[in-house]
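Everything on this sheet refers to the single structure shown next.
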Amino acid sequence: MPGTPQPIPPIDDVITFLSVEDLARSDAFYGSVLGLPLVVDQGSCRIYRAAGGYLGVCERPGAASPDGVIVTLVAADVDGWHDRLAGVGVPVEQAPRRNDTYGVYHAFYRDPDGYLLEIQRFLDPQWSAPAG
């Protein structure tokens with residue numbers, strides 16, 4: 001019978017992929033500067049564990065499109081991350097500050113391909129991040 005809903009299959013994980021110009025440069029940033037553990041090296045793509053999900057970077061010269069993309073990492077110690085990232089020369093777009101509109105304390109940086117990286121802590125007591 002048409003229109004009968006099918007069961008929803010489970011989703012096991014989420015990977016967000018970014019197209020990057022230089023895989024080695026992105027690996028140094030995501031693997032060394034941010035300290036994300038490498039899970040899979042597929043040659044032209046590398047996938048890192050980022051708490052409850054995954055972040056993949058794939059070398060696609062000329063295809064990087066950072067406009068409108070924000071990679072947000074949720075962390076309690078926003079100021080500690082700011083000290084680390086600013087200390088190693090990661091471009092700071094906005095130093096840590098409170099944003100009452102969204103109920104967060106956050107800061108913004110740029111990765112080597114121009115993607116906006118946000119480090120944020122939720123101030124809303126209802127936020128409960130899943131265990132990573």
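The values are calculated or read from the model by the stated rules, or taken from the named source; none is laboratory data. Model, not experiment: these values are computed from the prediction. So basically every Cβ, Gly included, is an ideal-geometry build from the backbone, and we count neighbours across all protein chains shown.
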Of the residues in the range 109-132 that are of a type in the set (Ser, Thr, Tyr) and buried (at least 17 other Cβ atoms within 10 Å of the Cβ), the one that is modelled with the lowest pLDDT is 115
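Just to be sure before I move on: is residue 94 of a type outside the set (A, V, I, L, M) and touching a Phe, Trp or Tyr at 6+ places or on another chain (Cβ under 8 Å) in the structure I sent?
Working: of a type outside the set (A, V, I, L, M): yes; touching a Phe, Trp or Tyr at 6+ places or on another chain (Cβ under 8 Å): yes.
Judged against the criteria, residue 94 is a match.
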Scanning the range 40-66 residue by residue, the ones that are within 24 Å of residue 122 (Cα to Cα) and either under 9 Å from the mean Cα position of the chain (by Cα) or of a type in the set (Asp, Glu) (or both) total 3
Residue pairs qualifying under the 6 Å Cβ cut-off, at least six apart or on distinct chains, with the first in the range 81-94 being farther than 16 Å from residue 113 by Cβ and the second being among the β-branched types (Val, Ile, Thr), are 81/119; 86/92; 88/33
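Residues are listed down the side, and each one gets a yes or a no for (1) among the hydroxyl-bearing types (Ser, Thr, Tyr); (2) surrounded by 12 or more Cβ atoms within 10 Å (Cβ to Cβ); (3) under 12 Å from residue 18 (Cα atoms):
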site	(1), (2), (3)
35	no, no, no
56	no, yes, yes
80	no, yes, no
87	no, no, no
103	no, yes, no
106	no, yes, no
Selection over the range 29-49 where residues are among the small types (Gly, Ala, Ser) and farther than 20 Å from residue 90 by Cβ yields a count of 2
The lone condition residue 41 fails out of (1) within 25 Å of residue 12 (Cβ to Cβ); (2) surrounded by 14 or more Cβ atoms within 10 Å (Cβ to Cβ); (3) not small (Gly, Ala, Ser) is (2)
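When you scan the range 113-131, do you find a residue that is among the basic types (Lys, Arg) and either out of contact with any helix residue (DSSP H, G or I) (no Cβ under 7 Å at 6 or more places or on another chain) or in a loop (DSSP other than H, G, I, E, B) (or both), even just one?
First pass over the range 113-131, keeping only residues among the basic types (Lys, Arg): 121.
Now narrow it down to the ones that are either out of contact with any helix residue (DSSP H, G or I) (no Cβ under 7 Å at 6 or more places or on another chain) or in a loop (DSSP other than H, G, I, E, B) (or both): none.
Among the residues of the range 113-131, not one is among the basic types (Lys, Arg) and either out of contact with any helix residue (DSSP H, G or I) (no Cβ under 7 Å at 6 or more places or on another chain) or in a loop (DSSP other than H, G, I, E, B) (or both), which makes the answer no.
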Of all strands (runs of 3 or more DSSP E) fully inside the range 16-78, the set with 1 or more residues that are under 23 Å from residue 106 (Cβ atoms) is 45-50, 53-59, 70-74
